[in-house]
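The values are calculated or read from the model by the stated rules, or taken from the named source; none is laboratory data. For clarity, every value in this text was computed on a predicted model and none was experimentally measured. Backbone-built Cβ (ideal geometry, glycine too); neighbour counts: all protein chains shown.
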Amino acid sequence: MTMTIIISEPDTKRLFDRSIAGYRSANTDLDVAIDAENWGAIHQAQSNRELHANTIALIINMYTDKPTEHGAQS
């Protein structure tokens, strides 16, 4: 599935791009932490991933034209 949104504010676009990169990095960190069975690092990576996911969701919700119902599927 592809979604196209236009983010007109440079600061918001920059935050969105950083959050995408941070989310991907946190996924990599999580894989490494799981392989090492490092529970502290697992917790930190999950927290970082959650923070970036929430930021991404907030920005997408701000810039999406048409709201969808909770739980709706297309």
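Checking Ser25, Ser8, Ser19 one by one, the residue that is of a type in the set (Gly, Ala, Ser), surrounded by fewer than 16 Cβ atoms within 10 Å (Cβ to Cβ) and part of a helix (DSSP H, G or I) is Ser25 and no other. Taking the conditions exactly as written (within 16 Å of the chain's Cα centre (by Cα) and either at pLDDT 95 or above or exposed (fewer than 10 other Cβ atoms within 10 Å of the Cβ) (or both)), does Ser74 satisfy them or not? For Ser74, the condition - within 16 Å of the chain's Cα centre (by Cα) and either at pLDDT 95 or above or exposed (fewer than 10 other Cβ atoms within 10 Å of the Cβ) (or both) - is not met.
Of the residues making up region 3-39, those that are closer than 13 Å to Ile60 by Cβ and over 13 Å from the mean Cα position of the chain (by Cα) number 7. Looking only at region 28-50, residues that are surrounded by 12 or more Cβ atoms within 10 Å (Cβ to Cβ) and among the small types (Gly, Ala, Ser) come to 3 in all.
Taking every residue in region 12-40 that is touching a residue at least 24 places away in the same chain (Cβ under 8 Å) and hydroxyl-bearing (Ser, Thr, Tyr) and pairing it with any residue that is in a helix (DSSP H, G or I) and surrounded by 14 or more Cβ atoms within 10 Å (Cβ to Cβ), at least 6 positions away or on another chain, the pairs with Cβ-Cβ distances below 7 Å are Thr12/Ile59; Ser19/His52; Ser19/Thr55; Ser19/Ile56; Tyr23/Arg49; Tyr23/His52; Tyr23/Ala53; Tyr23/Ile56.
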